[in-house]
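Heads up: the structure comes next, in structure tokens.
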């Protein structure tokens with residue numbers, strides 16, 4: 001098996017679907033990736049005040065704040081503004097090019113639509129990381 005280029009990376013996931021979040025954490029942990037996660041955007045803001053992950057994964061449809069707004073808050077933080085963000089969503093409503101533009105304007109580096117394979121997720125995370133960080 002080839003060496004995992006994400007091994008040693010720290011990720012943060014904001015996902016209200018407990019099953020998806022826990023499965024993601026378990027799958028990434030098997031590859032040596034440290035993952036923390038929260039269910040809501042406001043829990044994420046609090047937790048991110050104490051950690052500095054290599055990348056952040058945000059579900060667009062959270063119960064308390066829209067993913068676009070959470071990303072904007074993160075990008076206004078001097079400490080977090082350079083951390084790459086990937087949006088994920090199960091909703092097909094974000095397939096419009098204007099929505100993709102809004103994602104980029106909010107500061108996201110990538111987007112994946114659910115259902116997501118772990119391989120696609122790993123590939124997208126690897127793509128958005130600054131050179132030499134993984």
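Which whole-number percent gives the relative contact order of the chain, counting Cα pairs below 8 Å spaced six or more residues apart?
Once divided by the residue count of the chain, the mean separation gives 23 percent.
Taking 0.36 nm per intervening residue step and subtracting the Cα-Cα distance, what contour gain separates residue 123 from residue 99 on full extension?
6.4 nm
Based on DSSP H runs of at least 4 residues, each adding -39500 (n - 2.57), what is the mean residue ellipticity at 222 nm of the chain after dividing by all its residues, to the nearest 500 deg cm²/dmol?
Taking each H run of at least 4 residues, the total per residue is -11000 deg cm²/dmol.
Starting from the Cα-Cα distance between residue 79 and residue 46, subtract it from 0.36 nm times their residue separation and give me the gain in nm to one decimal.
Length difference between fully extended and current span is 10.5 nm.
State, in angstrom, two size descriptors of the range 1-47 derived from its alpha carbons: Rg to one decimal place and Dmax to the nearest whole number.
Final numbers for Rg and Dmax: 11.7, 39 Å.
Select one label from (1) 12, 36, 36, 14, 2, 0; (2) 12, 48, 34, 5, 0; (3) 11, 28, 20, 13, 11, 10, 7, 1: the one whose number is P(r) over Cα pairs in 10 Å bins from 0, in percent as derived from the coordinates shown.
Here P(r) over Cα pairs in 10 Å bins from 0, in percent agrees with entry (2).
No value in this document is a laboratory result; all are computed from the given coordinates. Model, not experiment: these values are computed from the prediction.
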